[in-house]
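Down below is the structure, laid out as structure tokens.
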Amino acid sequence: MSDVGIVRGCKIPKDLYYSVDDHTWVRVNDDGTVTVGMTDVAQNLAGPVLHAKVKKVGLTRAKGKPIGTVESAKWVGPIKTPVSGEIVEVNEKVTEDPQILNRDPYGEGWVVKMKPTNWDEEVKELVTGEEAIQKYLEKVEREDIKACEHIE
Amino acid sequence: MEDLEGKKILVIQTHGVDTPTRTYSPVYYAIAAAAMEMDVMIWFTMNGTNQLRKGEAEKIELKPGSGVTLKTLLDQALDAGVKLSVCQQSMDLWDMKPEDLIDGVKILGATSIIDLALDADHVMYF
């Protein structure tokens, strides 16, 4: 697909916004909400996800605060929201079948939908399109992040 | 998922390099609690102290061939905001000086740990 960049085997769709340092993505929805998830690079670093917890609907989160946690055999950590706002929907499937985060991080494995409160400002700190691919390329090279593996 | 932000967890780790399989889980739980926005400290004492000697934690691999060592987890813990502290008296037991410790570890005495235990919402003892 031409609209998906590949960085060391990791997929980076060009239509999403990214917080490269936190390995999260944002999709802008037509209804004014945004969908947030973790990137292909993140799922690869974590390895097969064994458990995931997602915060509750109605909770307001400042940018950088966790919207959930992810555990694998070798890693446990937060998924930090790249935007401030209220959680308006959570993906229950992530808790029921955590490896959905590995299999389809940009689709079925979305984490929360949020109503952003400071989008116009915060979007300036996110990257998209070719810039996102470039930033990710720099990051994987700087940190020598291993090539993506995908589980079915 | 409940909002647990700010709850205080104290993890006491008494196991060290002589029993490698008992070293990972306490650190892993501490990282998990930090990811859940809790205020977490690991207190290393008794045999737990020796894993903080520079060069020791690298020798303990989580699973052969995994490339993940106890040092990887200790670094993750520090990155996640977990505070690492060590018992001063047990450092003497292992002939360890402050410069022998990995970076990021605070040395505390016995009275401090009693204060911390009373102040914590929960203490996990290993």
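Each reported figure results from applying straightforward, stated rules to the coordinates on display, with no laboratory input. Computed from a prediction, not measured in an experiment: that's the story for all the values here. Note: ideal-geometry Cβ built from the backbone for every residue, glycine included; neighbour counts use all protein chains shown.
Select from A:V26, A:A46, A:T69 the residue farthest towards the positive end of the dipole of segment A:19-119; place +1 on Cβ of Lys and Arg, -1 on Cβ of Asp and Glu, and compute about the Cα centre.
Sorting the options by dipole projection puts first A:T69.
About the Cα centre, and with charges only on the beta carbon of Lys, Arg (+1) and Asp, Glu (-1), how big is the dipole of the protein assembly as shown? Nearest 20 debye, please.
So the dipole magnitude of the protein assembly as shown works out to roughly 400 debye.
Between B:V86 and residues 5 or more places away or on another chain, which pairs have amide H atoms under 5 Å apart, with H built 1.01 Å from N, and which residues are they?
Placed amide hydrogens put B:F44, B:K106, B:I107, B:L108 under 5 Å from B:V86.
Taking the dipole about the Cα centre of the protein assembly as shown, with the C-beta of Lys and Arg at +1 and of Asp and Glu at -1, give me whichever of A:L101, A:G129, B:L116 is farthest to the positive side.
Selected residue: B:L116.
Mind jotting down the three principal axis lengths of chain B based on Cα atoms? Whole angstrom, largest first.
The Cα atoms of chain B stretch 38, 37, 22 Å along their principal axes.
Taking every residue in B:70-81, how many Cβ atoms of other protein chains lie within 10 Å of its Cβ, on average? Each step should come with its number before you reach the end.
Values: counts 0, 0, 2, 3, 0, 0, 4, 0, 0, 1, 3, 0.
Partner Cβ neighbours, averaged per residue: 1.
Packing-wise, with mean Cβ within 10 Å as the measure, how do B:49-60, A:75-86, B:105-116, B:14-25 rank, highest first?
A:75-86, B:49-60, B:14-25, B:105-116
Quick one: work out the % antiparallel among DSSP beta bridges in the protein assembly as shown, nearest 5. The partial results should precede the final answer.
Details: 36 of 54 bridges.
Restricted to the protein assembly as shown, the bridges split so that about 65 percent are antiparallel.
For A:C10, which sequence-distant residues (separation of 5 or more, or a different chain) have an amide H within less than 5 Å of its own amide H, given hydrogens modelled in the peptide plane?
Here the answer is A:C148, since their amide H atoms fall under 5 Å of that of A:C10.
Taking a 27 Å limit on the Cα-Cα distance, which of the listed pairs A:K146/B:K59; A:K80/B:K8; A:K56/B:K71; A:K65/A:K139; A:K93/B:K63 fall beyond it?
Too far apart for the 27 Å limit: A:K56/B:K71; A:K93/B:K63.
For A:K65, list long-range residues whose amide hydrogen, built 1.01 Å from N in the peptide plane, is under 5 Å from its own amide hydrogen.
Those lying under 5 Å, H to H, from A:K65 are A:T81.
Suppose every Lys and Arg Cβ carries +1 and every Asp and Glu Cβ carries -1, with no other charges. What dipole size does chain B come out with about its Cα centre, to the nearest 20 debye?
360 debye
Tabulate in residue order the Karplus-calculated ³J(HN,Hα) for segment A:25-38, using 6.51 cos²θ - 1.76 cosθ + 1.60 with θ = phi - 60°, rounded to whole Hz; enter x for Gly and Pro.
Result, ordered by residue: 10, 9, 10, 8, 9, 5, 8, x, 8, 10, 9, 10, x, 9 Hz.
No partner Cβ under 4.7 angstrom, meaning no disulfide-compatible partner by this rule: which Cys of the protein assembly as shown qualify?
Flagged as lacking a Cys partner: B:C87.
As a test of the formula, what do you get for the protein assembly as shown when each DSSP H run with n ≥ 4 contributes -39,500 (n - 2.57) and the sum is divided by the residue count, at 222 nm and rounded to the nearest 500 deg cm²/dmol?
Theoretical 222 nm ellipticity from helices: -7000 deg cm²/dmol.
Any chance you could check the Cα centroid distance between segment B:49-87 and segment A:100-152 for me, in angstrom?
If we compute the Cα centre of each part, the gap is 28 Å.
Of B:V27, B:Y125, A:I79, whose Cα points farthest to the positive end of the dipole of the protein assembly as shown (charges on the beta-carbon: +1 Lys, Arg; -1 Asp, Glu; origin at the Cα centre)?
Of the options given, the answer is B:Y125.
So what is the relative contact order of segment A:19-119, in percent, for Cα pairs below 8 Å that sit 6 or more residues apart?
RCO, segment A:19-119: 32 percent.
Just want to confirm a number: the relative contact order over segment B:8-125, from Cα pairs under 8 angstrom separated by 6+ residues, in percent.
The value is 33 percent.
In sequence order, what are the phi-derived ³J(HN,Hα) couplings for segment B:69-83 according to the Karplus relation 6.51 cos²θ - 1.76 cosθ + 1.60 with θ = phi - 60°, rounded to whole Hz, with x for glycine and proline?
Each residue's phi maps through the Karplus curve to give 10, 4, 5, 4, 5, 5, 5, 4, 4, 4, 4, 7, x, 6, 8 Hz.
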